[in-house]
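For reference, the structure discussed in these notes is given below.
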Amino acid sequence: MRHKLQGGHYFGYGPYVREMNLWLKHVEQVEVIAPLVSSKITDIDLPYEHDCLRFTKIPNISCINIKELLRALWFVPLIMFQIIKACKRADHIHLRCPGNIGLLGCIIQVFFPKKLKTAKYAGNWDPKAKQPLSYRFQKWILSQTVLTRNIQVLVYGIWPNQSKNIKSFFTASFSEIDKCEVRPRNYIDNLNFVFVGALVEGKRPDFAIKLVQAIHEQGLNVHLDLYGDGILKESLHDYVRNSNLVKFIKFHGYTSPSEMKQILQQADFLILASKSEGWPKAIAEAMFFGVIPVATSVSCVPYMLGYGERGILIDADINSALLTLNNCLVNLEDLKMMATLASAWSQKYTLERFEIEIKQLLYPNS
């Protein structure tokens, strides 16, 4: 992940840094090994919060084409050298996977069997998922207890036939003080949908728009608010304008976590028809306030939704998804129970519990 420097502070992608700051509260010193770019700080960037942080800059690499692959191969020795030096200095090695740098980290950690380690696999751990070779290799090496020792690999969901070092984990966004009663919804007068996430192909925001459009064409009073930004923003705006949907589909851009809490308390449904996920925070955050997720069956999403008890699982086909949603909308009591169960499940995963789990990972013998 690319980082930025401003005012003596290192910034990174907000959701990731927000989580890492919870880890850093429990260590005296930290070293971050990552690419550093000169881009401007955006609304979604956050700074690391630690008084003794060392940043080791490495080149940013990718393998999207032959030129980038050759460049990556040129820089790999330098990157590995920097990671090896950092691992020698560390008492605890923490890997973030999957990714190009994570791949190198997975290989290097094999040579530090006595060091205490954790690996956060933030992608889809589903053994049956179709993924790039580099992702599958990272999953394989992390699962091999002969090669990968003294480590806990944190994955999303519960999967069969896993090695003993694989630990089902979670992430959290809200505190105990954020818990509240589920707001009563009637699911009749006005259906309020939200989409929360990047406006990119993998998240399928166009699917959310077209599904709400189809619901509206049935004569139902419906509204969709999209929160996020991304490369599809302009084309999505054009589609909404050209299709005369502007009265009930609105774009809001990036929204702060404090504002999102208020928004979710007023929403009825969240649509997230992603192609792939790790632990979709948008779903967990929506469920916290009794918003019913309408989501595709990828990664650990079926597990999060209780295989249909706490949310609505759909196919990535508009007609099929519309039929599934229509069948749910006629059972109002079932929807109310679904919202209650969603909130009860999500509210178990608070920041306080998350910090307790992190501390146990960092200091297992304390």
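The values are calculated or read from the model by the stated rules, or taken from the named source; none is laboratory data. Not measured: the values here are computed from a predicted model. Ideal geometry is used to build each Cβ from the backbone, glycine not excepted, and the neighbour counts take in all protein chains shown. Quick note on the areas: whole protein, heavy atoms, side chains included, nothing else; ligands and nucleic acids left out. Shrake-Rupley method; radii C 1.70, N 1.55, O 1.52, S 1.80 Å.
Overview of values
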{"read-out": "Carbon + sulfur, % of accessible area of the chain - ligands and nucleic acids excluded, 1.4 Å", "value": "54"}
{"read-out": "Of Leu245, Val110, Gly311, farthest towards positive along the dipole that unit charges on Lys, Arg, Asp, Glu beta carbons give the chain", "value": "Val110"}
{"read-out": "Label-point separation in nm, Tyr254 to Lys114, each point 7 Å along Cα→Cβ", "value": "4.4"}
{"read-out": "Estimated FRET transfer efficiency (Ala34, Gln360; beta-carbon r; R0 25 Å; 0.05)", "value": "0.45"}
{"read-out": "Whichever aspartates and glutamates have a C-alpha closer than 16 Å to that of Lys336, once near sequence neighbours (fewer than 8 apart) are set aside", "value": "Glu181, Asp189, Asp268, Glu309"}
{"read-out": "Accessible area per residue in Å² at 1.4 Å probe, computed on the range 112-209", "value": "51"}
{"read-out": "Residues of type lysines that Lys114 reaches as a straight line, Cα spacing below 19 Å, ignoring anything fewer than 8 places off in the same chain", "value": "Lys85, Lys88, Lys164"}
{"read-out": "Unit charges on C-beta of K, R, D, E only; dipole of the range 316-366, Debye", "value": "140"}
{"read-out": "Fully extended contour minus Cα-Cα distance, from Val76 to Lys25, at 0.36 nm per residue", "value": "15.2 nm"}
{"read-out": "Residue among Cys97, Ala267, Asn21 farthest towards the positive dipole end of the chain, charges placed on Cβ", "value": "Cys97"}
{"read-out": "Unit charges on C-beta of K, R, D, E only; dipole of the range 1-48, Debye", "value": "140"}
{"read-out": "Separation in nanometres of the label points that stand 7 Å from Cα toward Cβ, at Asp189 and Phe55", "value": "5.0"}
{"read-out": "DSSP-loop chymotrypsin sites (Phe, Trp or Tyr not before Pro) across the range 106-178, with at most 11 other Cβ within 10 angstrom", "value": "Phe111"}
{"read-out": "Residue-averaged 222 nm ellipticity for the chain, from DSSP H runs of 4+ at -39500 (n - 2.57), nearest 500", "value": "-12000 deg cm²/dmol"}
{"read-out": "Accessible area in square angstrom per residue, the range 29-95, 1.4 angstrom probe", "value": "65"}
{"read-out": "Computed lengthening from Ser134 to Asn331, 0.36 nm per intervening residue step minus Cα-Cα distance", "value": "66.5 nm"}
{"read-out": "Antiparallel bridges, percent of DSSP beta bridges restricted to the range 1-87 (to nearest 5)", "value": "45"}
{"read-out": "Accessible area in square angstrom per residue, the range 236-366, 1.4 angstrom probe", "value": "44"}
{"read-out": "Inter-probe distance in nm under a simple model that places probes 7 Å from Cα toward Cβ, at Glu176 and Trp159", "value": "3.3"}
{"read-out": "Under the span-like rule (Cα at least 24 Å along the axis, Kyte-Doolittle mean at least 0.5), DSSP H helices of the chain", "value": "66-89"}
{"read-out": "Trypsin sites (Lys or Arg not before Pro) lying in DSSP loop within the range 69-130, provided at most 16 other Cβ fall within 10 Å", "value": "Lys114, Lys115, Lys128, Lys130"}
{"read-out": "Debye, to nearest 20: dipole size of the range 51-179, +1 on Lys, Arg Cβ, -1 on Asp, Glu Cβ", "value": "400"}
